[in-house]
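Before any comments, here is the structure.
The values are calculated or read from the model by the stated rules, or taken from the named source; none is laboratory data. In this text, all values refer to a predicted model and were calculated from it rather than measured experimentally. Heads up, the Cβs are rebuilt from the backbone with ideal geometry, glycines too, and the neighbour counts pull from every protein chain shown. For the accessible areas, the whole protein counts, side chains as well, though only heavy atoms, and no ligand, DNA or RNA atoms are used. Shrake-Rupley method; radii C 1.70, N 1.55, O 1.52, S 1.80 Å.
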Amino acid sequence: MSNLSLAQKALEQGKGILRLAPTWVPRSFCVPGRRIKLHPDDYYVLGGVRGGIDERWLSSTTPAKNGPLTGENEGLSFVVVNEGERVLLKDAIDELGAEIIGSRLWDEYKSWPMYSKFFDNMGPLPHHIHHNDEEAAKIGQLGKPEAYYFPPQLNNHGGDFPYTFFGIAPGTTKEQIKECLMNFTKGDNKITMYSQAFPLIPGTGWDVPPGMLHAPGSMCTYEPQKASDVFAMYQSLVNEAIIPEELLWNGTPPDQIGNYDQLMGVIDWELNTNPNLLETRFMAPRPVKDVAEMEAEGYNESWVCYRSEAFSAKELTILPGQTVTIKDSAAYGIIMMQGHGKMGVWDIETPSLIRYGQLTNDEFFITEKAAVEGVTIVNHSSCDPIVMLKHFGPNNPDLVL
């Protein structure tokens, strides 16, 4: 009998590549956009009171904070060991540490410090903000930078409002924004009057540092982010829906609730009023090296999220019929967007429909050792590319732009 733990078994079985089960997260204040491949009968499978499922969390060791009804292990990724056995990715990393994420990250963070998600909302979200480390520390949390990428494969339609508001229009005064916050309970506080919106384009993305006001649009979004779930809603009415006042004070220390100066202090004013948001926050894909050179080797790879030190992401395409070995200097999670084939010892495939609770072969976590040695991917199709998104932790050594 083997005395290996489940985490060790999983590591051995996958030769350094862990297979993950899908992780679905509901949001009570959202309407699902129905683009994340969940079966139509399953978007409200957790009950109407929980709201619809409009998120799938990827490579997550971060619990979702969804109020008193939050399910056990909600938001946490499971490693599939055998069809009947699984272990939390968080527990596997706690146990094996550097064997999974490498000593660079383990020595500094003692955890996997990011996760990614698909966010799939039919309408726009309210103008809201994520706290920086200093503000989040007041409630015992970490700050939250995040980024967006709009995968073409999940955006056959743009939803109700495929535009995102960013920042605060130059020339706006702090008094004007504070007045909006003080009018939160009076219907529409009109805060987006002082912002600017940009159309969302599939195959591109945006960088959203903490302290940045943003009202995400209705495209299905791939969102790498720091391992945190801290936010506050600063817009009181969106899509004719009233936002509860408790969400305005979400992230505020209990003794500061009612203090509007505390809410103003969360806003990074210089960041928000930068007149060059397109130049400084927008992200078009950037090839990792010469495109012709890569395609001659059977693949194409681009950075899609690259403006944050807290995480980064790439889109990797393996051309039809090709076999390639891809090397990276850091551990990463992957999600399949298109195609099928083999990755290391695993079959990989892109499902078109997933039942709640069903296992898939579309999500994996690659240990640092396996990434450095090189992951061999075989595209079994004669016509369909394999496309996958890869999410990395902080300060990726390969990210030199």
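Tabulated data
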item	result
Linear extension gain, Thr173 paired with Glu246, 0.36 nm per residue minus alpha-carbon span	23.8 nm
The stretch 162-247, dipole about Cα centre (Lys/Arg Cβ +1, Asp/Glu Cβ -1), debye to the nearest 20	200
Order of exposure, largest accessible area first, which applies to Phe118, Phe161 with probe 1.4 Å	Phe161, Phe118
Neighbour net charge for Pro63 - beta-carbon separation under 15 angstrom, K R +1, D E -1	0
With DNA, RNA and ligands ignored, accessible area of Met337 (1.4 Å probe; Å², nearest 10)	10
Magnitude of the charge dipole, the stretch 228-295, Cβ model with Lys/Arg +1 and Asp/Glu -1, debye to 20	140
Net length gained if the chain between Leu4 and Val372 were fully extended (0.36 nm per residue, minus Cα distance)	130.0 nm
Semi-axis lengths, Å, the stretch 67-203, gyration tensor of Cα atoms, sqrt of 5 times eigenvalues	36, 21, 16
Dipole moment magnitude, nearest 20 debye, the chain about Cα centre, only Lys, Arg, Asp, Glu C-beta charged	340
Taking only Cα atoms of the stretch 199-287, radius of gyration then Dmax in Å	15.2, 48
Potential extension, Glu108-Ile257 segment - 0.36 nm per residue separation minus Cα distance	50.3 nm
Interchain or long-range residues, amide H under 5 Å from Met122's placed H	Val31, Gly33
Cα principal axis extents for the stretch 186-345, largest first, Å	60, 33, 30
For the chain, calculated [θ]222 nm from helices alone, where every DSSP H run of n ≥ 4 adds -39500 (n - 2.57)	-4000 deg cm²/dmol
Dipole of the stretch 155-270, positive end: most advanced residue of Pro209, Gln235, Ser195 [Cβ charges, Cα centre]	Ser195
Listed residue pairs exceeding 31 Å between alpha carbons, taken from Lys138/Lys314; Lys37/Lys65; Lys186/Lys226	Lys138/Lys314; Lys186/Lys226
Spin-label proximity, Ala197 to the stretch 151-179 - amide N less than 12 Å from point 7 Å beyond Cα toward beta carbon	160-166
Å² per residue, accessible surface of the stretch 57-202 at 1.4 Å	43
Hz values of 3J(HN,Hα) by residue in the stretch 190-202 - Karplus curve (6.51, -1.76, 1.60), Gly and Pro given as x	6, 5, 6, 4, 9, 10, 9, 10, 10, x, 9, 10, x
Values of log10 I(q)/I(0), in the order q = 0.17, 0.19 Å⁻¹, for the stretch 140-281 under a Debye, Cα-only, solvent-free model	-1.03, -1.28
Most mobile listed residue (Val80, Val291, Val375) in the chain, GNM with C-alpha springs under 10 Å	Val291
GNM result for the chain, Cα springs below 10 Å: residue of Asp188, Asp255, Asp41 fluctuating most strongly	Asp255
Translational diffusion coefficient (Stokes-Einstein; Kirkwood radius from C-alpha pairs) of the stretch 56-128 at 20 °C, 1.002 mPa s, in µm²/s	152
Semi-axes of the equivalent ellipsoid for the stretch 1-131, Cα gyration tensor, largest first, Å	30, 18, 12
Compactness of the stretch 103-182 as Cα Rg over 2.2 N^0.38 Å, two decimals	1.49
Positive-end residue of Asn395, Ile348, Leu11, charge dipole of the chain with Cβ unit charges	Ile348
